[in-house]
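**Student:** Got a structure for you, questions after.
The values are calculated or read from the model by the stated rules, or taken from the named source; none is laboratory data. All of these numbers come straight from a predicted model, not from anything done at the bench. Here the Cβ positions follow ideal geometry from the backbone for every residue, glycine too, while neighbour counts run over all protein chains shown. Surface accessibility is based on the protein's heavy atoms, side chains included, excluding ligands, DNA and RNA. Shrake-Rupley method; radii C 1.70, N 1.55, O 1.52, S 1.80 Å.
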Amino acid sequence: MDMIIKAHDDRQTILVCCGTGCTANGARDVFNALQSKLKDHPDIEVLPVVKATGCNGWCEKGPLVRIIPRDITYCSVKAQDADEIVDKTLLEGILIKRLLYRDPVSKEHLASHHLTDFYRKQHKIALRNIGEIDPAQISDYLEREGYQALKKALQKMDSQEVIDTVKAAGLRGRGGGGFPAGNKWQACRNASGQEKYIICNGDEGDPGAFMDRSIMEGDPHTVIEGMILGAYAVGASHGYIYVRDEYDLAVQNLGQAIKDAHSHGYLGNRIMDSDFSFDIELVRGGGAFVCGEETALMASIEGRTGEPRDKYVYPTEKGLWGKPTVINNVETWANIPVIILHGAEAFAAVGTENSKGTKVFSLVGKVVNTGLVEVPMGTTLREIIYEIGGGVLKKRSFKAVQTGGPSGGCIPASLLDLPVDFDSLTEAGSMMGSGGLIVMDDHTCMVEVARYYVNFLAGESCGKCTPCREGIRALLEILTDICNGQGRMEDLQLMEDICLTMQEASLCALGRTAPNPVLSTLRYFRDEYIEHIKNHYCPAGVCRELTTFYIDPEKCTGCTLCVKQCSADAIKGEKKQVHTINESECIRCGECYRVCAFDAVQLGRRDHHEN
Amino acid sequence: MKIKLNGKEREAMPGESILELCKRENVPIPTFCYHQAFGGQGACRMCMVEVREEGQKEARLAAACTYLLNREAEVITESDRIQRIRRTIVMLLKRRAAGDPILKELADAYAAPDLEAVVTEPENCILCGLCIHACEEMGKSAIWSMFRGIDKRIATPYDEASDDCIGCAACARICPTHAISMEEKDSKRIIWNKSFELVACRRCGKEYATREEIEYLKERSDYGQENLCESCRKKTLAITVKNYI
Amino acid sequence: MQIDVNEYKHENEYKELIENYAGKPESLLAIMQDIQKQYNYLPRLAISLISRHVGIPVSRVYAMASFYKAFSLTPKGRFVFRVCDGTACHIKNSETLLDQLQKSLGIKPGETTTDGMYSVETVNCLGACALAPVMVVNGKVYGKVSPGDLEGIIKEYGGQNHGYDNQGS
Ligand SMILES: Cc1cc2nc3c(=O)[nH]c(=O)nc-3n(C[C@H](O)[C@H](O)[C@H](O)COP(=O)(O)O)c2cc1C
Ligand code: SF4
Ligand code: FES
Ligand code: FES
């Protein structure tokens, strides 16, 4: 949570990022210090606000303090900086250079994060308000065109026109499948029945992504406004927001926003004095990845275990309680108000031929700048990873980028110039999924990555249908064997056979896409599998049964960094003396391999050393 | 409504499943989780067929037991693709129920290769879910499918004797792979970690039900009042009817 | 179902929480969440009371509790070590942290020490990937944790009261 300190007379506001990252670095202390310093100023009031978690990719540089409207960003602020910030910057308007961000390339000090490459190359629609407004204040949202789209729709558009606009915009669902939102709405509008439902899917189960969370936490009203517009278009009178269990702050902010929307007449009976009535209820998820699947999600709302059902009849005909239902992802909803207010054309001007608008990615892993990035569809992976992300950490070599989470795949360096949209990723054997982008370097083992996702799914599949449940179990056993050096070459073919049946016969998309992490790594990194199987060697130094580490005496400078890092006390060595690793003590965690600045720690082959 | 079933034109009732149509037309489709009393669950995926509805370009794979026919369509129940899917499913299920004759037979029929059996799970359960439905039908729901993913299994709460269980053994009887262990001796039946007293038929002396089941049935209807086993009950009923006529 | 006599002491509290909601199946998830939040697990008596209130068999309530990760069927430890095993943390070696915790505390993820002091869990992405690998102990976030840091962190929770608040779930 961010904390805002407002000085009403000159309207200066201090935002202290209190997201997970900044809090871990002591943001609360900074906030308290600023607050007590400002006690002398009775005209100052304190309000909480949220910013995208991991927002600037600067969580590392946190705690972050922003001053608006002057647009100043301070990094790595400590509690003892509070006096200086208030006295110098707030009251006298002087920048404190030492707290500014220093561009690693140009070495320039930048006054605001908005001036960095990380920010400048983005194009914000869904994230337009994140970190700029106090999500707990409906007035902040109203100041930034909030509920203007709703007003426009209710006063000037009939429901079909709303659908037509969404269709013309070419908006495709951001929850993974990329189904055209307008067509979905149309099907629901056409479906017979008085009672219809709207659902916002905020389950966000991808284990490496957090964009929906930041939207729900940081700009809850845009989701609500989107849903009201959707309800108006299809003729629904009740909506649900299904929020992932762990997202406490999202629940809190959405709850507040729903309340405020009610009291302002945007929700409830006869919205903005029209004939249209609509209400939203919050549902906390139970903690199950499969509940992101729409039929499982509905089962969960109905009070059952989250098992999907066959979708030969779409939810737009028979959804929640058997009634026509539109379900869309958080980010999809967040785009709606912009489309309605500024028109389909403006929206469709951004993006590629078949994927319009922008997409939010959560760029993480072995990359310099991590965080949420929103870019036009069609931006290449290279631009995202190198220009916005600043390249691979520690200048190591890029190996792959994983997109789409457990349903997606690993894309190799040869495809870095791939323009990212729904179709290009599918063609490459991956998926847009929710928008996770995980950068991997040569220290990441692709077999182990495949195993990681399959293991994740082994616990997250609902377990109802045979191909998914038993297929995952078989894949997991085979992959574990390979990582342990007990794989056989014929296993590769066997895995491909099992994967094919999973894709064709599984009941829901979890099972149908579960093979992607395996198939994509088999497709692009088959060599690595073969190294594990034939040579009992893990080229990344990750699979412990296949790895040993030793120190190259030529390269070792005796800096003792690895000695300090080793939690097993397996490294012996004095300052400026060559170090050695005691194999029997070594737990093969690879810390020394990662920290050594001189590449002195080398990979050995396990069986060679044992002989 | 016209359906082209394996090339032959057939008449289907709107809303009926492909599987029901096939049953009526004597087109064999292998199933595990379907039962005529409860319909299809779409869980085992053995019944996959290819369907192309009018207006669709390509045929798609679908579970025959849950696909309801509402438009004219073309259905194919045997193809290389379908064969391959069934082979893999049998291969995967056989690891759970290695000793079961039905799966052995199917494995031979589909030429499914052997995978090493899962040692941790010798219980033969293929998670078809029929027992849950049978128990639910009895109005008891003493068992359900617990946990999820690869840990999913059928159990009573806490794996303990359940207050709801009446020992009727409907679950054990419906199980295609005889995976539910039940022991009967000394006028006792032990099932789902609970021991029940067996009651003998007043007429023929056969132990035919547990005390709890009889009590429960009495509560629900007048059935069971006479303490007769199924076949003796029918016989006495026939005599009564004859006398009446 | 065997119910611990101690649970009957709380019977009225359970009932109060349960009766906040209508006796309908769709209340099930919310009721279970409230109980879990309050007691850090779902006591047996509560499961049986919930079953009666919403009119769903005990087996199905238990099935829900075992299906969803938000619920726990046994009480959790006083200090819950939640190690992020989201993708970003995983490729930055979160597994080593779990191994080390197992060594130090003797428990695997999902388990609780017999003295009821510690539980270890894995979670998926905490949204602080920039600080990977991340660990949270009763709400306090630790970033860029190396295996070497663990000993010190465990010491912080070495039985004394360190501002422990009952928020871990
Ligand atoms: C296993 C699985 C998990 C999913 N998880 C999510 C999720 O976390 N959030 C989401 O919005 N959609 C998720 N989806 C996609 C939804 O089923 C659904 O397609 C989506 O919510 C529709 O919204 P959209 O058209 O706006 O994308 C998931 C699908 C599957 C198969
Ligand atoms: S594919 Fe997997 S998650 Fe989907 S229904 Fe089958 S078992 Fe459940
Ligand atoms: S019989 Fe159709 S899926 Fe089992
Ligand atoms: S993966 Fe651990 S915080 Fe994101």
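**Student:** Return the percentage of antiparallel bridges among DSSP beta bridges fully within chain A, rounded to the nearest 5 %.
**Tutor:** 70 percent
**Student:** Report, to the nearest 10°, how far helix C:44-54 tilts away from the longest principal axis of the Cα atoms in chain C, using its own Cα long axis and a range of 0 to 90°.
**Tutor:** Approximately 50 degrees, to the nearest ten.
**Student:** Something else: Roll a 1.4 Å probe over the protein heavy atoms and report the accessible area of A:Leu154 in Å², nearest 10.
**Tutor:** The accessible area comes out at roughly 30 Å².
**Student:** Would you kindly give the portion of the calculated P(r) for segment A:446-534 that falls above 16 Å, as a percent of all Cα pairs?
**Tutor:** 45 percent
**Student:** Shape call for the protein assembly as shown from the C-alpha gyration tensor, a ≥ b ≥ c root eigenvalues: rounded (a/c under 1.5), prolate (a/b greater than b/c) or oblate?
**Tutor:** prolate
**Student:** Antiparallel as a % of all DSSP beta bridges within chain C, to the nearest 5?
**Tutor:** 55 percent
**Student:** Which aspartates and glutamates, if any, have their Cα less than 18 Å from the Cα of C:Lys140, not counting same-chain residues under 8 positions apart?
**Tutor:** Qualifying aspartates and glutamates at Cα under 18 Å: A:Asp2, A:Asp29, A:Glu60, A:Glu246, A:Asp248, C:Asp85, C:Glu121, C:Asp149, C:Glu151, C:Glu156, C:Asp165.
**Student:** Interface size between chain A and chain C, please: total buried accessible area, 1.4 Å probe, rounded to the nearest 100 Å².
**Tutor:** By this definition, chains A and C bury close to 3700 Å².
**Student:** Okay, moving on. Please list, by residue number, every one of the GluC sites (Glu not before Pro) in segment B:36-73 that is coil in DSSP and has at most 11 other beta-carbon atoms within 10 Å.
**Tutor:** When the GluC sites (Glu not before Pro) of segment B:36-73 are filtered for loop state and at most 11 Cβ neighbours within 10 Å, B:Glu54, B:Glu58 remain.
**Student:** Here is a follow-up. In the structure displayed, which of A:Lys184/A:Lys318; A:Lys555/C:Lys92; A:Lys61/A:Lys576; B:Lys206/B:Lys234; C:Lys76/C:Lys155 lie more than 23 Å apart, Cα to Cα?
**Tutor:** With Cα atoms farther than 23 Å apart: A:Lys555/C:Lys92; A:Lys61/A:Lys576.
**Student:** I'm a student and want to see the number: the projected area of the Cα convex hull of segment B:1-128, averaged over all directions, in nm².
**Tutor:** Spelled out: convex hull of the Cα atoms, projected over all directions, averaged, 8.2 nm².
**Student:** Starting at 0 and stepping by 20 Å, how many percent of the alpha carbon pairs of chain A end up in each bin?
**Tutor:** Calculated P(r), rounded to whole percents: 19, 48, 29, 4, 0.
**Student:** Convex hull over the Cα atoms of segment A:138-348, averaged projected area in nm²?
**Tutor:** 10.7 nm²
**Student:** Sticking with this structure for a sec: With a point put 7 Å past each Cα toward its Cβ, work out how far C:Asp4 is from B:Glu197 in nm, to one decimal.
**Tutor:** 3.4 nm
**Student:** Also, I was wondering about something else. Which whole number gives the average, over all residues in B:200-208, of C-beta atoms from other chains lying within 10 Å of the residue C-beta?
**Tutor:** 0
**Student:** Under a plain spin-label model, where a point goes 7 Å from the Cα along Cα-to-Cβ, how far apart in nm are B:Ser181 and B:Ala37?
**Tutor:** Placing both labels 7 Å beyond Cα along the Cβ direction yields 2.5 nm.
**Student:** Give a quick list of trypsin sites (Lys or Arg not before Pro) in segment A:258-350 that DSSP marks as loop, anything other than H, G, I, E or B, with at most 13 other Cβ atoms within 10 Å.
**Tutor:** Of the trypsin sites (Lys or Arg not before Pro), the ones in loops of segment A:258-350 whose Cβ has at most 13 other Cβ atoms within 10 Å are A:Arg270.
**Student:** Measure nothing but the geometry: give the 0 to 90° angle between the long axis through the Cα atoms of C:28-39 and the longest principal axis through the Cα atoms of chain C, rounded to 10°.
**Tutor:** 60 degrees
**Student:** Provide a whole-number value for the mean count of partner chain Cβ atoms within 10 Å of the Cβ atoms in peptide C:131-142.
**Tutor:** That works out to 3 on average.
**Student:** Going by a ≥ b ≥ c, the root eigenvalues of the Cα gyration tensor, does chain B fall in the rounded group (a/c under 1.5), the prolate group (a/b larger than b/c) or the oblate group?
**Tutor:** Oblate, since a/c reaches 1.5 and b/c is not below a/b.
**Student:** Still on this structure, please answer the following. Rounded to the nearest 5, what % of DSSP beta bridges with both residues in the protein assembly as shown are antiparallel?
**Tutor:** About 75 percent, rounded to the nearest 5.
**Student:** Please compute how much accessible surface disappears when B pairs with A, both sides summed, using a 1.4 Å probe, and round it to the nearest 100 Å².
**Tutor:** Looking at B and A, the buried total is near 2700 Å².
**Student:** Leaving out ligands and nucleic acids, and using a 1.4 Å probe, what accessible area per residue does the protein assembly as shown come to in Å²?
**Tutor:** Value returned for the protein assembly as shown: 41 Å² of accessible area per residue.
**Student:** Let me know the Rg and Dmax you get for segment A:547-604 when you use only its Cα atoms, in Å.
**Tutor:** That works out to 9.7, 27 Å for Rg and Dmax.
**Student:** Next question, about the same structure. Amide H to amide H under 5 Å from A:Gly365: which residues, 5+ apart in sequence or cross-chain, H placed 1.01 Å off N in plane?
**Tutor:** A:Val439
**Student:** A follow-up question, please. Shape of segment C:8-67 from its Cα gyration tensor (a ≥ b ≥ c, root eigenvalues): rounded if a/c is under 1.5, otherwise prolate when a/b > b/c, or oblate?
**Tutor:** rounded
**Student:** Calculate the mean, over all residues of peptide A:157-165, of how many other protein chain Cβ atoms lie within 10 angstrom of the residue's Cβ.
**Tutor:** Counting other chains' Cβ atoms within 10 Å and averaging over A:157-165 gives 0.
**Student:** Next up: At q = 0.14, 0.17, 0.22 Å⁻¹, what log₁₀ I(q)/I(0) does a Debye calculation on the Cα points of segment A:126-247 give, no solvent, two decimals?
**Tutor:** -0.66, -0.98, -1.44
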